[in-house]
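The values are calculated or read from the model by the stated rules, or taken from the named source; none is laboratory data. Predicted model only: the values in this text are computed from it and were never measured. Cβ placement follows ideal geometry from the backbone for every residue including glycine, while neighbour counts extend to all protein chains displayed.
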Amino acid sequence: AAKAQADAAKANADKDTAQAQAAAAQAAADKAQADAVKAQEAVKKAEDALANAGNGEDQLAAALARAAAAEAAQAAAEAAAETAKAAEEAALLAKTAAENAATAAQVAADKAIGDAKVEADKKVAAANQQAADAKAQAAAAQTRADEAEKEKLEAEARAKAAEEALAAAQQLPPAPTNPTVAANTKVTGFQNSIAKDDNSGLSANTSASYDTYTALFNETGSSYFKQPVNVTLRSTDDQDYEKGFKKSSLKQIGGTWDNKLNYTSTYKNFDNQMQIGHVYGDLKRPANLTQLATLSNVYVQGNSTNDVDMKYMKDLSQYNINNRINDGKVAYKGDATYLGNTKSEIIGVDPTVGTSNFSVDFVDSQVDGTLSFAGMKDKKIKAEIAGNTFAGNWNGVDTKGGFYGEDAKLLGGIYQDAGGKGTYGATKVGSNSEPVPVPKAITGVMSNTVSSVSGTGTENAIGYRQFVRDNDTFNTTTGSGEDTNPVMIVDTNTDNLPGYNQLVGRLDITKPGKFGQASKLTLVKSDDISLDDGFKKSKDTSTATFGKVESILGKIDLKYDYQSVYKNFDSQMQIGHVYGDMRKEGSFGGVKSRYTNVYVMGEATENMPTEGKVQYAGVATYMDNLHLGSGALKTPVVNGTSNFNVDFVNDSLTGTLKFADINKNIGISAGITGNTFAGSKDNIATSGGFYGEDAKFLGGIYQEAQPGSVPGTGTTPGTGTTFQGTFGAEKQ
């Protein structure tokens, strides 16, 4: 900028010089003209003198001389005039050039000054941001320092308490000696059954194995069961269910001419010292068509704690009380389950898994517990201990259970209330108990697309309505019939994506006027088949039930025959598809609808980056033929690629999904909010998030959403929404 200003000053100076030269040349020209006029006047005088003088030679010669001088002066004047004119023209050219140079130099100077100001503003903004960051870091450092000081004080307090406890312990009487005695070898426990509406009491088990079990359905008083039934509880091909629970395939008991008992076993085993579980299903006539009764059985059984160890637990608690070490009570933490008694809560439904917390008073022989389940009111357990078992009834919750393993390490039981029955199993909290894992919460987003074609009780329709996150649900609607719309809320008791093995199909959100219930869908099985790029696909079709579906026949059940395709990313993220058709069994049976789902879930990034532009690269999937009227379902395309540019400063994300085999490219554009993102481009909606430490992974879903009153909804194939997919990428 300084150089440009100097150039402008020099150009102005050159312009002034040129103007001065032009003025001087003009003055010389004016003088020459004046001299020429004087010379002409002299010539005229000479001629007049010659005329008056006669023929005098001297006068003639003088006149001629003066005439010659005048002519020479005139020639010189004319030459000077031409020189002055040329100088004037040159001066004008120099002036013009100088003015142009001055203008150009001024423009360059203005631009340089403007650029310098912009750069200076950027540096000022960067400096301000650095100052703000430094201030924030200082505040964070102060917070950490305060926390460290607090921890130091707490540590000092604990150390002092430990010293005092040691000093006190040196004066305490000897503590009770822990006997070396193993748990009882015989497997014992309790169970409870219901057959249709006939419910039994809480009975003692006659079983003696964790693998097989004698179910006392006969104790219900049902006319269908005169004898106990031996069932299989577990086998090597059982699959993971939830929180360490296992689930068997559907099993059947009964010969050709016998009634058929169809059942599923869901259970959790605690170090082969205790097992809790459910056996549930139905009894049908020999052809396995007509249902006679629904069945539900719960049990707890294990290697009960030896009476000598139970006495030690009581003596130790009393010792702790007497010596003011603690209140003598022992904490247990673990799991709980629940399954309703009605047909709609047993058939096609699996037990709900929750948590359990207990406080055991071995001195006063009391057990107090709380069973907690998402979306349900807590259930309270109160019981009296007798030997190594306990029993009680509190506010309509009837329970029996016992202590299992050495030193009463485990606590387990069964319970029933007016609506259903369940189990609980917990581990003693303390130095000699198993650690209680605290897994990170799984979060994510999914899209639920359903379609149908015109037929008996159905109409041409397709739609996905909206993306659904973990806690999205509704409890009221507006409109009626096909125009019924959910009023969405966020409910922390709702968990639509509980884990990598399972999600909840929310067709009740997509079409609340048609589907009255959601349904749990299994994503991962032990026999899944490997595909390209780390994807896996279910080997066999699974079946779930969507209940309370509105039809011209009233509320019916639809069977959903589905498969899954998925990919895991270092156990921190999973993307996948669930897809299949829904059918009605019996009269007016057949395929009624098609349901496809895409999802992403994982351990969401807690501390998101706030600076920099980062590239991500990975995989992508694609699936079309979403409409039931489009023909047979296709397997998702899983060999796509994904590339993203993420701007953590401006909270934006752009990317491209490429599918070479089908010659299709899809653009992705979204805004980032916290550790999630969402957006739309070219009528393609997208949503997802960042997962793992330092946003290592990026994953999401996309769905075509053609414009309309509700984007993404339509009637016939080619309307509303025609394709959907997923993507997952890793930071480069």
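One residue stands out in the stretch 293-316 among those that are surrounded by 22 or more Cβ atoms within 10 Å (Cβ to Cβ) and hydroxyl-bearing (Ser, Thr, Tyr): the one that is farthest from Gly412 (Cα to Cα), namely Ser296.
One residue alone among Leu371, Leu411 is assigned to a strand (DSSP E or B), among the aliphatic types (A, V, I, L, M) and within 26 Å of Ile347 (Cβ to Cβ), and that residue is Leu371.
Residues that are assigned by TED's automatic domain parsing to the domain that holds Ser587 and of a type in the set (Val, Ile, Thr), at least 2 per element: which strands (runs of 3 or more DSSP E) completely within the stretch 490-555 meet that? Write out each step before concluding.
Values: elements: 502-505, 519-522, 542-551.
Qualifying strands (runs of 3 or more DSSP E): 542-551.
May I ask you to verify whether Ser365 is hydroxyl-bearing (Ser, Thr, Tyr) and either surrounded by 22 or more Cβ atoms within 10 Å (Cβ to Cβ) or touching a Gly at 6+ places or on another chain (Cβ under 7 Å) (or both)? No; evaluated as a whole, the condition is false for this residue.
Report yes if some residue within the stretch 416-425 is among the basic types (Lys, Arg) and closer than 21 Å to Ser304 by Cβ; otherwise report no. Walk me through it before giving the result.
Going residue by residue through the stretch 416-425, those that are among the basic types (Lys, Arg) are 421.
Add one more test, that the residue is closer than 21 Å to Ser304 by Cβ, and what stays is none.
Among the residues of the stretch 416-425, not one is among the basic types (Lys, Arg) and closer than 21 Å to Ser304 by Cβ, which makes the answer no.
For the stretch 225-262, name all the residues that are among the acidic types (Asp, Glu) and assigned to a loop (DSSP other than H, G, I, E, B). First the steps, then the outcome.
So the first thing to find is which residues in the stretch 225-262 are among the acidic types (Asp, Glu), and the list is 237-238, 240, 242, 258.
Listed by number, the residues that qualify are Asp237, Asp238, Glu242, Asp258.
Of all residue pairs spaced 6 or more apart or on separate chains, those with beta-carbon atoms under 9 Å, a first member in the stretch 473-494 that is among the small types (Gly, Ala, Ser) and a second member that is in a strand (DSSP E or B) are Gly479/Asn485. Flag set for Gly534, criterion: at pLDDT 90 or above and surrounded by fewer than 20 Cβ atoms within 10 Å (Cβ to Cβ).
Among Ser265, Ser296, which is the only one that is in contact with a helix residue (DSSP H, G or I) (Cβ under 9 Å, 6 or more places away or on another chain) and assigned to a strand (DSSP E or B)?
On the way: Ser265 fails: in contact with a helix residue (DSSP H, G or I) (Cβ under 9 Å, 6 or more places away or on another chain).
The conditions single out Ser296.
Pick out the one residue from Ala175, Ala195 that is outside the structural domain of Tyr263 (by TED's automatic domain parsing), surrounded by 11 or more Cβ atoms within 10 Å (Cβ to Cβ), among the hydrophobic types (A, V, I, L, M, F, W, C) and modelled with pLDDT of 70 or more. Spell out how you get there, then give the answer.
On the way: Ala195 fails: outside the structural domain of Tyr263 (by TED's automatic domain parsing).
After applying the criteria, what remains is Ala175.
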